[in-house]
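Shown next, in structure tokens, is the structure this report addresses.
The values are calculated or read from the model by the stated rules, or taken from the named source; none is laboratory data. Every value quoted in this text rests on a predicted model; they were computed, and no experiment measured them. Every residue, glycine among them, receives a Cβ derived from its backbone with ideal geometry; neighbour counts consider all protein chains shown.
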Amino acid sequence: MDAITPKENIFRRIREALVSAPMGASRSVDLESSVYPEAKGDLAVLFAEKFIAKGGRIVYCEDIEMILQSLQELVRMHAWDGRIFCVDEDIRSLLEFASIEYGCRPVEAALKDVGFCACRWLLASEGSVVFDSSQNGRRVLAQAGTLVFFATVGQIVPDMHHALKQLKGTPKCSSLSVWTGLSCFGDIDGDVLPGLGPQDMYMVLIDGSLE
């Protein structure tokens, strides 16, 4: 009689485990309800608190005039003129109204270190930003040292579960990205040091629409 090899012994144990495995998951499992804790209070306030806790800064604007003034002030304070990359048409219109110079060609992305990016949703429970490939966020994330997001209060949702539910019926995109804050890491002494990617981020939060 031939001896059982270690490989055959492993396969035998696997077959026995499969035969004695319990039945599959119950069909009564709820796959629709959110797994996130319910967001309580004003969603805009909750998002702002979480976003700031992640190292971001909020610029709140009530109307177009305030948006233009805020953009001009940001550009002046940080010397951003000529350093901005943006492909979103609505944001580019704002920059043109504010007489702010920017680049929008793909070849210019590597030469500009301030990325302006539109958002799909803002997640109040996490202070995170969701954007898709049509907003060119991946290019901005990869190359910009400073991120400036644009969104309206109406784009704030409680959590990712609600965002994905709204995704049904909207134009399809090749990818969705979630920005959860500035990258950082701790060294051997316990100090928190900047990580890779953008080192500064702003959210221009508009109480209305970009149009």
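Restricting attention to the range 57-84, the residues being under 20 Å from residue 112 (Cβ atoms) and in contact with a Leu (Cβ under 8 Å, 6 or more places away or on another chain) number 4. Between 58, 52, 84, the distinction of being under 30 Å from residue 158 (Cβ atoms), touching a helix residue (DSSP H, G or I) at 6+ places or on another chain (Cβ under 8 Å) and not small (Gly, Ala, Ser) belongs to 58 only. Starting from residues that are surrounded by 15 or more Cβ atoms within 10 Å (Cβ to Cβ) and small (Gly, Ala, Ser), keep the ones in the range 131-176 and report whichever is modelled with the lowest pLDDT. Among them, the one singled out is 137.
Of the residues making up the range 73-97, those that are outside any strand (DSSP E or B) and surrounded by 16 or more Cβ atoms within 10 Å (Cβ to Cβ) are 74, 75, 80, 83, 86, 87, 88, 91, 92, 94, 95. Considering the range 109-121, and only residues there that are farther than 30 Å from residue 39 by Cβ and either within 16 Å of the chain's Cα centre (by Cα) or surrounded by 14 or more Cβ atoms within 10 Å (Cβ to Cβ) (or both), the residue that is modelled with the lowest pLDDT turns out to be 109. Among the residues of the range 65-81, those identified as under 30 Å from residue 159 (Cα atoms) and in contact (Cβ under 8 Å) with a residue 40 or more places away in the chain are 67, 70, 71, 74. Of the residues making up the range 34-43, one or more are under 27 Å from residue 206 (Cα atoms) and at pLDDT 85 or above.
If the condition is being in a strand (DSSP E or B) and either more than 8 Å from the chain's Cα centre (by Cα) or of a type in the set (A, V, I, L, M) (or both), then the range 122-132 contributes 122, 123, 129, 130, 132.
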